[in-house]
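Participant: If you scroll down you'll find the structure; I have some questions about it.
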Amino acid sequence: MTEEAEAVNEVDREEAQALLEDDAQLVDVRVGHEWEAGHIAGAVHLPLEELPERVGELDPERPVVLYCRGGTRSSMAAEALAAAGFDAVKLREGIVGWSEAGLPLEPEDGYVAESGEAASILQARKRAAQS
């Protein structure tokens with residue numbers, strides 16, 4: 001396999017937006033608490049660990065733009081989908097770069113959550129305190 005074939009295709013924010021306007025699928029591969037904190041509008045939540053069981057939810061005829069917090073999980077997802085025959089790319093800089101560029105997140109007060117179990121527990125406590 002050539003080095004080029006092994007590299008994950010990635011796109012910047014502008015390229016991702018153009019793909020989405022052209023009917024690409026947008027997939028967030030982060031875990032639940034990260035998704036709930038904030039995500040890109042129009043995205044489908046398909047956590048990386050659920051990808052093998054849920055790949056059938058994606059249309060293999062349409063390109064897929066994947067993102068996570070910074071790029072590691074979306075790289076793994078893009079590699080797996082490309083190996084399965086999908087036209088899959090990852091969003092360079094992930095949702096962190098998206099948010100830092102001032103692009104919107106959902107919900108309206110959404111933010112980029114930290115990843116990891118400790119962050120999940122802290123976020124659950126924060127939600128409970130707001131209730």
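What follows is calculated from the coordinates using simple rules that are stated; it is not laboratory data. Values in this document were obtained by computation on a predicted structure and should not be read as measured data.
Participant: Percent antiparallel among DSSP beta bridges with both residues in region 3-130, to the nearest 5?
Facilitator: On the way: 1 of 12 bridges.
So the antiparallel bridges amount to about 10 percent of the total.
Participant: Moving on to the next point. Where q = 0.15, 0.22 Å⁻¹, what log10 of I(q)/I(0) comes from the Debye formula for region 3-130, counting one point per Cα?
Facilitator: -0.66, -1.33
Participant: Using the Cα atoms as the points, what is the convex hull volume per residue of region 44-114 in Å³? Display every interim value, and only then the final one.
Facilitator: Values: hull volume 6.9 nm³, N = 71.
For region 44-114, the hull spanned by Cα atoms encloses 98 Å³ per residue.
Participant: Here is a follow-up. When the Cα atoms of region 38-83 are enclosed in a convex hull and the volume is divided per residue, what value in Å³ results?
Facilitator: Values: hull volume 3.8 nm³, N = 46.
So the per-residue Cα hull volume is 82 Å³.
Participant: Helix-only mean residue ellipticity at 222 nm, the chain, DSSP H runs n ≥ 4 weighted -39,500 (n - 2.57), per residue, nearest 500. What is it?
Facilitator: Details: 7 runs with 56 residues, N = 131.
Roughly -11500 deg cm²/dmol at 222 nm, from the helical runs in the chain.
Participant: Now, a different point. With an 8 Å cut-off on Cα pairs and a minimum separation of 6 or more residues, tell me the relative contact order of the chain in percent.
Facilitator: So the answer I get is 30 percent.
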